[in-house]
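A short write-up of the structure that comes next.
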Amino acid sequence: MRLNALGCVLMLGLAVGCVTRREGPTAQERRDALRGWERQGSSYRSPEGFQEARWGMTIDEVQALFPEARLLNGNALRWKTPLAKMPAIVTLGFIENRFAAVDVFFPEVRDSRDAHLLLRRLLSRKYGTPGRDRDTVYEAQRRVGSYRSAADAVYFLGKVTSSIRGAAPPDLYAQHRMDIRAENDEMEARREARAAQKRFLLMSRWETVESQVLLTSVTAPEVVAVVIEYESARYAPEIAKARRQAQELEQQRMAKDF
C-alpha cells in the first residue's frame, strides 16, 4: 500500500511537470472552416491576416493598403517599417495571386529575450495564449539535477520495495555504477546549461482556424535574430507545395556544384 501511494505521488509530480494545453482548433472547427472556404471560393477573404490585409486578398488589393511596398518576383511585397517601436522588414507572400503568408524580421534587436517577451505579449492579445512555448535555456537548466535525482529515486524505490517484500538489500555495486553515470551525465548537463546562456532558442506558436503564427528568437555569438511567421490555414497545402518546389530548385542548383 505504501509503495502504491509513493508511486502515485511520483506520477502526480511527473504529470504536473508535463501539463500541456490544447493546441489549435478542434477537428470539427477545421471541418466547418474547410466547408466555408469551399463555399466562398475565389471570394474568400479571411477575418485574419496582417494589419488591414486579409488572407485571400489579391496583390493589387494588398498593395493598395501598403503603397510603400515594392513587388518582388511577382509574388511578394516587401517594405521596411517600425513595429512595436522596433525596425522591421515585412514580406508578404502570395500563392496564385492570393495573400497567404507573412515574414516579419527585426534586424536591429540587441536582446532577443526582451524582444521575444514583448512580441509574445502583443501577439497573445490577438491570438490568445500560445499553444506552445519553448526556451532552450530553461530546458538545459531543467536537465541539471535530473540525472542525480533519477538515480536517487531508483535507489530509494529499491530500498522501499526490499523493506516491504522482505527481499535482499539492493546491489550496492549497481548503485555505484549508477552514481558514476549520473555524475557524468550531470557534468555534461551543467556544461550544456552554461553554453545555453550564449546560444539559445525561444519559440512561441499560435494556431487558430484561420492562421498559424510562429515567433522565433535566436541568440548565438555574433547573431541575434527575431522573426514572426504568419501563414494562412486556408492556403496551407499550397504553401507546402511551394516550399517543396523551392527546395527542389535549390537542390538542382546545388547539384551543379558536383
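The values are calculated or read from the model by the stated rules, or taken from the named source; none is laboratory data. Note that the structure is predicted; figures quoted are calculated from it, not measured. Side chains are part of the model used for accessible areas, which takes the heavy atoms of the whole protein and leaves out ligands, DNA and RNA. Shrake-Rupley method; radii C 1.70, N 1.55, O 1.52, S 1.80 Å.
Within segment 44-150, what whole-number % of the accessible surface is contributed by carbon and sulfur, with the 1.4 Å probe and all protein chains included in the calculation?
Values: 2950 of 6040 Å².
Carbon with sulfur: 49 percent of the solvent-accessible area.
Normalise the Cα radius of gyration of segment 39-102 by 2.2 N^0.38 Å (N = residues in it) and let me know the number.
It is 1.11.
Restricting attention to the alpha-carbon atoms of segment 203-258, what are Rg (one decimal) and Dmax (integer), both in Å?
Rg and Dmax of segment 203-258, Cα atoms, are 15.5, 45 Å.
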